[in-house]
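See below for the structure under consideration.
Read-outs: derived from the displayed coordinates by stated rules, not from any lab. Treat the numbers as computed from the prediction; the structure is a model and nothing was measured. Reconstructed Cβ throughout: ideal geometry from the backbone, glycine too, with neighbour counts over all protein chains shown.
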Amino acid sequence: MSGRRFGQITCDSNSSNSRIVKCGHNIPAKSYVSGTELNPGRGFFCCPYWKEPSKNCLFWRWVDQRNDEEETPSSNVIVADDEDIRTKYASMEINVTSLKESLKLVEEKAERRKQAKKCLFDDLVSIREENTRLVGELKLANARLLFVLFLFVGLLVGIAIAGLK
């Protein structure tokens, strides 16, 4: 991959017990939770620019994956229990972030449906008003037709009576 470094795990200078996972851009990687059948709920890190192919450094790593090349005995390594806790905490943070994003999407979808329902209701009211207007026009047209029909029948009866005399 053209000699690019795909990320590293470095120790935060403020604490010997915390680790920051950085991508090839040397910036903190984003953390997510897998939703696949193969790895459900498993946390992973990736480049923050993964959605932008031109910027993506292709860094990707499981939260629980160890990289022996970057972790040497002389580095500040988190003890296993602390690492498990941090991994679980990171996984929970990823879950919370994922759930917040899902909630936001559901709320947006609900709002769109609410607006669509309002539009449909407005259309229904408009159609009912138009229907009422058309029924009124039809009744008026029928009344006029009956009036003309009665005049015509009256005229025919008048002609028939006049013809008999």
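One table, with the values for the structure above:
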item: Entries in 55/109; 22/104; 30/51; 88/109 that, when Cα-Cα distance is taken, lie over 22 Å; result: 55/109; 22/104; 88/109
item: Residue 114/residue 155 FRET efficiency (R0 41 Å; Cβ-Cβ; nearest 0.05); result: 0.10
item: Centre separation in Å (Cα based) which lies between the range 132-154 and the range 17-59; result: 76
item: Hz values of 3J(HN,Hα) by residue in the range 119-129 - Karplus curve (6.51, -1.76, 1.60), Gly and Pro given as x; result: 4, 5, 5, 4, 4, 4, 4, 4, 5, 5, 4
item: Residues residue 100 and residue 134, FRET efficiency given R0 of 30 Å [Cβ-Cβ distance, rounded to 0.05]; result: 0.05
